Amino acid sequence: MSISKSTQYGNINVSIDAIASLAGGVVTECYGVVGMASQKFVKDGIAELLKKDNYAKGVVVRQLDNNDLELDLYIIVSYGVKISEIVHEVQMRVKYMLEKNLELDFKKVNVYVQDVKVIK
């Protein structure tokens, strides 16, 4: 699946994997974020930390009936940080970077904290 946009020069199609890679890269640069997590929990409720190649497993892009876009991000944060501040920063940075780089308007950026890791 891909997201389409029409311009005066023609159509632009952006794949979901491209959006996921860009969003995942932005998320992992945020302070307090350990990495991206899979949407599905592994055994015993422990979240799987995704590598850069698999960011698409931790990002869901939805195109609604009225062509609005929503993004769900599944992240792992480090222990000892204020989670609400980290999540807010992730939402703002991801929305800004996606709109700046892809010129697509995301109405919602939902962030789900899947796990908290202790970093030594």
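The values are calculated or read from the model by the stated rules, or taken from the named source; none is laboratory data. Here the structure is a predicted model, which means the values were calculated and not measured. Cβ placement follows ideal geometry from the backbone for every residue including glycine, while neighbour counts extend to all protein chains displayed.
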Go through the residues of segment 49-65 one by one and say whether even a single one is loosely packed, with under 13 Cβ neighbours inside 10 Å, modelled with pLDDT under 95 and farther than 21 Å from VAL14 by Cβ. yes
Would you check which residues across segment 1-28 are modelled with pLDDT of 85 or more and over 12 Å from the mean Cα position of the chain (by Cα) and list them? GLN8, TYR9, GLY10, ASN11, ILE12, ASN13, VAL14, SER15
Identify, from the list VAL77, VAL111, VAL118, VAL87, the residue that is touching a residue at least 12 places away in the same chain (Cβ under 8 Å), in contact with a strand residue (DSSP E or B) (Cβ under 8 Å, 6 or more places away or on another chain) and within 17 Å of LYS57 (Cβ to Cβ). VAL111
Per the list (1) within 15 Å of GLY24 (Cβ to Cβ); (2) touching a helix residue (DSSP H, G or I) at 6+ places or on another chain (Cβ under 7 Å), residue check on LEU104 breaks on (1)
Is there a residue being in contact with a Ser or Thr (Cβ under 6 Å, 6 or more places away or on another chain), touching a residue at least 60 places away in the same chain (Cβ under 8 Å) and either buried (at least 21 other Cβ atoms within 10 Å of the Cβ) or farther than 16 Å from LEU102 by Cα (or both) anywhere in segment 34-41? yes
Can you find, within segment 90-105, the residue that is surrounded by the fewest Cβ atoms within 10 Å (Cβ to Cβ) among those that are touching a residue at least 24 places away in the same chain (Cβ under 8 Å) and under 23 Å from LYS40 (Cβ atoms)? VAL94
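Name the residue that is nearest to LYS52 (Cα to Cα), counting only residues in segment 9-27 that are surrounded by 19 or more Cβ atoms within 10 Å (Cβ to Cβ) and of a type in the set (Gly, Ala, Ser).
By that ranking, first place goes to GLY24.
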